[in-house]
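The values are calculated or read from the model by the stated rules, or taken from the named source; none is laboratory data. Computed from a predicted structure; not experimentally measured. Cβ coordinates were reconstructed from backbone atoms using ideal geometry, including for glycine residues, and neighbour counts include every protein chain displayed. We work out accessible area using only protein heavy atoms, side chains counted, and drop any ligands, DNA or RNA first. Shrake-Rupley method; radii C 1.70, N 1.55, O 1.52, S 1.80 Å.
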Amino acid sequence: MRKLFALLLSLPQLLHAASGGFATPAEFGYSPLSQEPAQYLIPAVEREWHISGRRPLRATLCGIRGKWGNRAIVILRTPSGRNISLAAYSLSDADLQAVSDWLKKNEFIDFETHREGSNPARIHSVIPVGKEYHVNLIMTDGSRQAVRTNTTPVNPDFARRQPTSTFKVTDTTLEILHSHVGKKPSGKPELPIATTVDEAMLYAATHDVGIAVFFLNRRGSAIDIAFRHYLANKPDMVAQWAEHFVFLLAYADDNGMYPQECHDAQLVISLTHSTTGTHVTNLCNTNTELAQLRNAWLHNTNSLGYVTYLHNMRFGNPAQQKFTTKSNTGIAMPESLLRLRDNEFKLFGH
């Protein structure tokens with residue numbers, strides 16, 4: 001009886017597996033996707049602020065804008081939810097000390113560059129990609145900025161003369177970045193997995209991440225097994241992916257065909273973010289016959305097809321690059337996945 005009850009409970013998932021479609025987080029042992037906005041700052045305590053020319057007010061420090069000093073803008077939130085922006089020079093000495101203590105508590109540093117000056121930021125993650133670091137910065141207003149930097153010391157005079165989309169950081173900042181490379185995640189990281197394109201796009205917008213669509217062939221195929229093995233044995237890569245992407249994991253049905261919903265989802269993302277260019281093969285089409293033709297390569301279970309859509313984040317120097325959308329397509333082989341190399345899937349090589 002107990003086995004029969006367990007079979008009945010698993011029947012919906014078995015039917016879903018046979019029909020193909022997008023995977024659920026539970027299939028990989030992860031929690032359901034949370035749509036709560038990401039919080040990157042340690043919250044401050046509510047206190048009484050003394051502002052020049054105003055009555056004292058109770059509020060909570062939410063962040064600051066600009067380099068910390070007299071001209072910085074301090075953002076306060078009152079108990080009623082109203083945001084107030086004030087110049088730092090209008091605050092009392094006790095207020096200024098409270099802001100300084102909050103900056104230290106959040107481990108902000110001076111992110112120094114040779115050409116663009118310095119600004120306070122917290123290092124969230126550092127990923128080596130070729131001759132560059134892809135650095136996730138948490139800014140003092142609570143936003144997140146993705147930048148690229150040098151990995152070795154550069155000549156200051158040369159760096160100041162050369163406009164580039166890569167920040168040329170000082171040796172002091174470079175040492176801090178070096179110390180963050182290869183940091184292991186605490187606990188078991190979870191991959192954010194969406195079950196619909198709407199869920200993925202909402203998560204991407206509220207967490208400042210891109211969307212990665214993986215085509216994993218059939219459940220139980222060689223690439224599916226390799227992918228699950230990779231996740232189980234590379235928690236550091238799972239942690240890095242979780243900081244940069246939300247995933248749609250598409251599976252083919254027993255006939256080796258991806259359901260129409262998978263094609264439609266990719267089409268929606270492509271059209272919404274204008275990611276499909278003349279040099280990119282569009283893997284989706286609402287025409288059923290064409291979709292079947294594009295599904296023909298799925299019978300090769302030794303390959304993984306994926307498309308990544310980067311949006312809501314800027315990579316590189318914002319002063320030089322203003323795009324917020326980009327796509328990448330690629331193929332990875334399960335034989336190389338099983339070797340568990342750190343650079344698989346090339347998700348950070350854009």
Legend entry - Evaluation of Lys188 against (1) on the phi < 0 side of the Ramachandran plot; (2) of a type in the set (D, E, K, R); (3) out of contact with any helix residue (DSSP H, G or I) (no Cβ under 8 Å at 6 or more places or on another chain) (one fails), failing number: (3)
Legend entry - Filter result for Ala26 (open to solvent by less than 70 Å² (accessible area, probe 1.4 Å) and of a type in the set (A, V, I, L, M)): no
Inset, instruction - Would you mind stating whether Phe247 is among the aromatic types (Phe, Trp, Tyr), modelled with pLDDT under 85, surrounded by 15 or more Cβ atoms within 10 Å (Cβ to Cβ) and not in a helix (DSSP H, G or I)? - result: no
Legend entry - Answer residue from segment 81-120, given it is among the hydroxyl-bearing types (Ser, Thr, Tyr) and either open to solvent by less than 40 Å² (accessible area, probe 1.4 Å) or in a strand (DSSP E or B) (or both) and is farthest from Glu48 (Cα to Cα) among those: Thr113
Inset, instruction - Enumerate the pairs (first residue in segment 42-69 and over 24 Å from Pro120 (Cα atoms); second residue anywhere and open to solvent by less than 70 Å² (accessible area, probe 1.4 Å) and assigned to a strand (DSSP E or B)) with beta-carbon separation below 6 Å, excluding pairs fewer than 6 apart on the same chain, so at least 6 apart or on different chains. - result: Leu57/Trp49
Inset, instruction - Give just the number: which of (1) farther than 24 Å from Ile73 by Cα; (2) modelled with pLDDT of 90 or more does Phe111 not satisfy? - result: (1)
